[in-house]
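Asker: Supplied in structure tokens, the structure appears directly below.
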Amino acid sequence: MPSKIEFQVIESESTFLHPRKGFSPTVEKFEVRIDPLTGRTGHFSHFGAIKPQRLSLESYATPEIKGFCPFCIENRERVTPRFVESVIPEGRLSRGEALLIPNLFPYDIHSGVMVMTDRHVVSLKELNEQRLGDAFSLGMEFLKRIRSIGPSLPYHLMTWNYMPPSGGGLVHPHQQYFATNHPGNQFVDELRASETFFRTHGLNYWAELIEVEQKIDKRYIGQIGSSRWLSSFVSLGIFGEIVCVFPDVFSINDFTDDHIRDLVSGLLRVFEYYSATDIYSFNASLFFGPEDQKCFSCHFRIAARTFLNMRDYAPDLNFFQALLSEPVSVIMPEELCKIVKVHF
Ligand SMILES: [Zn+2]
């Protein structure tokens, strides 16, 4: 039976007279792919032209670059906010090194920041199982609490900018956890398309995607417990994107300690791959759909980020993402899968 999921690729090429090849005709290939769920397109071009840039983590700790950090231990008590009593009676929550505080610049009614570590500069290798486990489990506890006090906010998210190339305003590792009615265009497009897929085929797109990807075996990275790891057919990140699907989790209520353990375990392997390829920065998100549905599985997404160069710190996003809402990747998902799989 043909799959309900269609992977469409539009391959094309451009010919020009190359100055470094005596102005002889040269053909450069590129691809446009159509996301099988949302129908959104993504470009794949510029292969090999962009390399991840090394960050000098030591310099981030020097006083002239570090400046004032509200998340550092000596400042926290004094300068970070506390939750109101009706939300978190304790004011702030902690577990191991993880500390949950309200966001001084909230994204929604209930908006928390997870300071993940005591230390200001923490490398990927130092984001170990304990630190990740404590941050995620405390974050999930917070999301479950705000779900029970604010059931009118149906969507729950974790978002994470790590290190300056990702847009992170503070080097000190931190994540955001919030509930909202307005989770962003990507989330809403995926949710609506998942509902349509369910109505049309009577199937959960995400479970179907895993099955199809596993069969094709070009972008399927592996399974850890109940989590399934893939490289996305259309990547949101310039160096591709890795997605982890929890097919049996639909809302925050379903997410257990076992899921956290599987997520952390997979993430440590992704970090291993990042460290091996000089990637120092990323954006990540974890999406939870509304209750009482079986069409939109929870999924985690991570995309590596870099400066284009260390001379003028050009960011790796440009008019494509900013104005055309079009992702561009310089690595093919099938290639990314091969490289990451070694660590799984
Ligand atoms: Zn700090």
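Asker: Sort through 173, 183 and tell me the only one that's within 23 Å of residue 298 (Cα to Cα) and surrounded by 22 or more Cβ atoms within 10 Å (Cβ to Cβ).
Answerer: 183
Asker: Test residue 104 against the criterion of being within 16 Å of the ligand (Cβ to nearest atom) and under 30 Å from residue 325 (Cβ atoms), and give yes or no.
Answerer: Taking the combined requirement at face value, the residue satisfies it.
Asker: To continue, here is another question. If I go through the range 300-312 residue by residue, how many of them are more than 20 Å from residue 243 (Cα to Cα) and either buried (at least 16 other Cβ atoms within 10 Å of the Cβ) or in contact (Cβ under 8 Å) with a residue 40 or more places away in the chain (or both)?
Answerer: Residues in the range 300-312 being more than 20 Å from residue 243 (Cα to Cα) and either buried (at least 16 other Cβ atoms within 10 Å of the Cβ) or in contact (Cβ under 8 Å) with a residue 40 or more places away in the chain (or both): 4 in total.
Asker: Hey, could you check the range 39-82 for residues that are in contact (Cβ under 8 Å) with a residue 40 or more places away in the chain, in a loop (DSSP other than H, G, I, E, B) and more than 30 Å from residue 235 (Cβ to Cβ) and say which is farthest from the ligand (Cβ to nearest atom)?
Answerer: Selected residue: 61.
Asker: Residue 100 versus (1) out of contact with any Lys or Arg (no Cβ under 9 Å at 6 or more places or on another chain); (2) crowded, with 17+ Cβ neighbours inside 10 Å; (3) outside any loop (DSSP other than H, G, I, E, B): which is the lone unmet condition?
Answerer: Tallying (1) out of contact with any Lys or Arg (no Cβ under 9 Å at 6 or more places or on another chain); (2) crowded, with 17+ Cβ neighbours inside 10 Å; (3) outside any loop (DSSP other than H, G, I, E, B), residue 100 fails exactly one: (1).
Asker: Do we have any residue at all in the range 137-144 that's more than 16 Å from the ligand (Cβ to nearest atom), more than 18 Å from residue 257 (Cβ to Cβ) and buried (at least 19 other Cβ atoms within 10 Å of the Cβ)?
Answerer: No, the range 137-144 has no match at all.
Asker: Okay, next question. I want to confirm something. Restricting to the range 2-38 and keeping residues that are among the β-branched types (Val, Ile, Thr) and part of a loop (DSSP other than H, G, I, E, B), which single residue is nearest to residue 120 (Cα to Cα)? I'd like the intermediate steps shown before the answer.
Answerer: Going through the range 2-38, the residues among the β-branched types (Val, Ile, Thr) turn out to be 5, 9-10, 15, 26-27, 32, 34, 38.
Cutting the leftovers down to part of a loop (DSSP other than H, G, I, E, B) gives us 5, 38.
On the way: 5: 44, 38: 39 Å.
Here the residue is 38.
Asker: For the range 151-209, which residues satisfy the criterion of being within 16 Å of the ligand (Cβ to nearest atom) and either in a loop (DSSP other than H, G, I, E, B) or touching an Asp or Glu at 6+ places or on another chain (Cβ under 7 Å) (or both)?
Answerer: 163, 168, 169, 170, 171, 172, 173
Asker: Of the residues that make up the range 4-23, is at least one more than 28 Å from the chain's Cα centre (by Cα) and surrounded by 13 or more Cβ atoms within 10 Å (Cβ to Cβ)?
Answerer: Our first condition is that a residue be more than 28 Å from the chain's Cα centre (by Cα); within the range 4-23, this holds for 12-23.
Keeping just the survivors that are surrounded by 13 or more Cβ atoms within 10 Å (Cβ to Cβ) gives 18.
Yes, some residue in the range 4-23 is more than 28 Å from the chain's Cα centre (by Cα) and surrounded by 13 or more Cβ atoms within 10 Å (Cβ to Cβ).
None of the figures in this text is laboratory data; all of them are computed from the coordinates on show. No experiment lies behind these values; they were computed from the predicted model shown. Note: ideal-geometry Cβ built from the backbone for every residue, glycine included; neighbour counts use all protein chains shown.
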